[in-house]
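Asker: The structure under discussion is supplied below as structure tokens; questions concerning it will follow.
Just so it is clear, none of the values below were taken in a lab; they were calculated from the coordinates. What you are looking at is a predicted structure, and each value in this text was computed from that prediction instead of being measured. All Cβ positions, glycine included, derive from the backbone under ideal geometry; neighbour counts span all protein chains shown.
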Amino acid sequence: MTTPSSAPAFRERLAPGPLLFVALLLLVPAVTLVMTPLNAALALPVAVAVYAAIAVSLFALAPIVTVGDGALAAGQARIPVAQLGEVEILDAEALRAAIGPGLDARAYLMVRGYIHSAVRIAVTDPSDPAPYWVVTTRKPQALQAAIEAER
């Protein structure tokens, strides 16, 4: 495994927003209600532990998008920025069209439903089967600038 030579020009964890973690709090009374007939003393601690485990898992397993060391990485996928073409910023409506009726089935997608902006990045490498990448991000302008600067 190689270590990056410097801090990435762009780094974003595509973790769910705070509202999802607040909504997830509904697990506490639900698990407490289910556990109470089994063991009333453990019902609340188990419910809190279940909430904590799921919240930590959602955050820790969220994919990371980085631009640095001459490459764009989105989750496990990585591509050199030299093989990238035009970067187009997609708002919510354009993103919906890009991953819906306008989608090329060969495209690489790093899409999270709770993020409503993205970039579509053309792939210029003729040997790459993906014609473009669609990557959701909360900071599309910063991601576009980082890709442009990394070239």
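Asker: Could you grab the relative contact order for segment 72-150? Cα pairs under 8 Å, six or more apart, rounded to a whole percent.
Answerer: 33
Asker: Just to be sure I understand: with springs between alpha-carbon atoms less than 10 Å apart, which residue in Leu84, Leu95, Leu58 has the highest mean-square fluctuation in the Gaussian network model of the chain?
Answerer: Maximum among the listed residues: Leu58.
Asker: While we're on this one: Ratio to report: Rg/Rh of segment 72-150, with Cα atoms as the point set and Rh obtained by the Kirkwood method; give two decimals.
Answerer: 0.93
Asker: I would also like to ask the following. Measure nothing fancy, just the Cα-based angle from helix 40-60's long axis to the longest principal axis of the chain, in degrees from 0 to 90, nearest 10.
Answerer: Result, in degrees: 0.
Asker: Only bridges whose two residues both fall in the chain count here: according to DSSP, what percent of them are antiparallel, nearest 5?
Answerer: Details: 22 of 25 bridges.
Beta bridges within the chain, antiparallel portion: roughly 90 percent.
Asker: Which parts of segment 82-104 would a label at Glu148 reach, counting a residue when its backbone N lies under 18 Å from a point 7 Å out along Cα-to-Cβ?
Answerer: 82-91
Asker: Let me ask you something else. For Ala52 and Arg96 in one chain, what is 0.36 nm times their gap in residues minus the Cα-Cα distance, to one decimal in nm?
Answerer: Taking 0.36 nm per residue and subtracting the Cα distance, the gain is 12.6 nm.
Asker: While we're on this one: May I ask you to evaluate 6.51 cos²θ - 1.76 cosθ + 1.60, the Karplus curve with θ = phi - 60°, for each residue of segment 80-86 and list the ³J(HN,Hα) values in order in whole Hz, giving x for glycine and proline?
Answerer: x, 5, 5, 9, 9, x, 5
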